[in-house]
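Every number here is computed from the coordinates shown, using simple stated rules; none is lab data. Being a predicted model, the structure only gives us computed values, none of them experimental. For neighbour counting, all protein chains shown are included, and Cβ atoms are generated from backbone atoms with ideal geometry for every residue, glycine included.
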Amino acid sequence: GENVEQHPSTLSVQEGDSAVIKCTYSDSASNYFPWYKQELGKRPQLIIDIRSNVGEKKDQRIAVTLNKTAKHFSLHITETQPEDSAVYFCAATSGGSARQLTFGSGTQLTVLP
Amino acid sequence: ETGVTQTPRHLVMGMTNKKSLKCEQHLGHNAMYWYKQSAKKPLELMFVYNFKEQTENNSVPSRFSPECPNSSHLFLHLHTLQPEDSALYLCASSQEGAPRTDTQYFGPGTRLTVL
């Protein structure tokens with residue numbers, strides 16, 4: 001089955017700096033890669049996603065890159081703000097099915113004012 | 001209320017109790033999911049229902065029993081649980097088929113504590 005590794009597990013940055021979170025996956029048939037943000041005590045919410053036919057996608061301060069050959073994808077947050085502090089999860093589809101999402105273990109991002 | 005709702009938000013139960021978790025989605029989706037979120041571990045997919053039919057069961061113990069009476073409601077029946085089953089149980093929904101969005105929308109979760 002699919003295996004998703006996420007690094008780092010914790011990340012602290014100064015406000016205004018950039019943050020990068022990286023994930024690798026094992027299933028070459030995976031074709032959908034969402035990123036979720038989970039604030040303390042709240043539900044995971046989708047912040048950005050990318051499909052295997054695209055190498056990069058950007059939405060304001062958030063971007064995701066995908067390297068299918070190397071089987072890794074990354075989340076980039078620029079000009080970080082305190083409200084970006086949360087746990088971020090990457091995920092990848094298993095076996096080509098959008099329903100079977102395998103999640104990474106999460107990254108606790110802390111933005112220091 | 002819009003989106004995905006879950007009740008109860010918190011539940012404390014003994015190992016011999018029987019309880020049920022409820023999930024309702026107001027998004028017109030046709031697929032629903034149960035996930036388990038334990039501390040320091042990735043979200044674990046438990047069950048998937050598509051058009052009310054169970055399509056995935058990720059080796060979940062039989063003390064967890066799902067029920068999907070229609071595409072808007074999903075239940076998780078619990079009986080004779082173990083303390084290690086204490087976790088946040090999240091429900092999610094998505095739209096399968098055309099137009100498929102792949103995006104899964106999560107409910108707020110039920111925080112379960114088994115004594």
Every residue in the stretch B:23-41 that is part of a strand (DSSP E or B), over 11 Å from residue B:105 (Cα atoms) and not acidic (Asp, Glu), please.
B:23, B:34, B:35, B:36, B:37
Just give me the residues in the stretch B:71-115 being within 14 Å of another protein chain (Cβ to nearest Cβ), among the hydroxyl-bearing types (Ser, Thr, Tyr) and within 20 Å of residue B:38 (Cβ to Cβ), in sequence order.
B:89, B:110
Within the stretch A:85-97, tally of residues that are surrounded by fewer than 21 Cβ atoms within 10 Å (Cβ to Cβ) and not in a loop (DSSP other than H, G, I, E, B)
2
Matching residues, the stretch A:19-53, being among the basic types (Lys, Arg) and surrounded by fewer than 19 Cβ atoms within 10 Å (Cβ to Cβ)
A:22, A:42, A:51
I'd like to check something: does the stretch A:72-81 contain any residue that is more than 24 Å from residue B:46 (Cα to Cα), among the hydroxyl-bearing types (Ser, Thr, Tyr), surrounded by fewer than 18 Cβ atoms within 10 Å (Cβ to Cβ) and free of Cβ contacts under 8 Å to residues at least 24 places away in the same chain?
no
Counting just the residues of the stretch B:67-99 that are part of a loop (DSSP other than H, G, I, E, B) and touching a Ser or Thr at 6+ places or on another chain (Cβ under 8 Å), which one comes out surrounded by the fewest Cβ atoms within 10 Å (Cβ to Cβ)?
B:80
Kindly indicate which of B:51, B:75 is more than 24 Å from residue A:102 (Cβ to Cβ), hydrophobic (A, V, I, L, M, F, W, C) and free of Cβ contacts under 8 Å to residues at least 60 places away in the same chain.
B:75
Which listed residue is free of Cβ contacts under 8 Å to residues at least 60 places away in the same chain and farther than 27 Å from residue B:89 by Cα, from A:18, A:28, A:12
A:28
Candidate set: the stretch A:4-56, residues that are in a loop (DSSP other than H, G, I, E, B) and within 10 Å of chain B (Cβ to nearest Cβ); chosen: the one farthest from the chain's Cα centre (by Cα)
A:41
Given the criteria surrounded by 15 or more Cβ atoms within 10 Å (Cβ to Cβ) and within 14 Å of chain A (Cβ to nearest Cβ), does residue B:46 qualify?
yes
In the stretch B:56-66, which residues are within 12 Å of chain A (Cβ to nearest Cβ), closer than 13 Å to residue B:34 by Cβ and in a loop (DSSP other than H, G, I, E, B)?
B:58
Here the residues within the stretch B:30-43 that are under 11 Å from residue B:88 (Cα atoms) and at the interface with another protein chain (Cβ under 8 Å from one of its Cβ atoms) are B:43
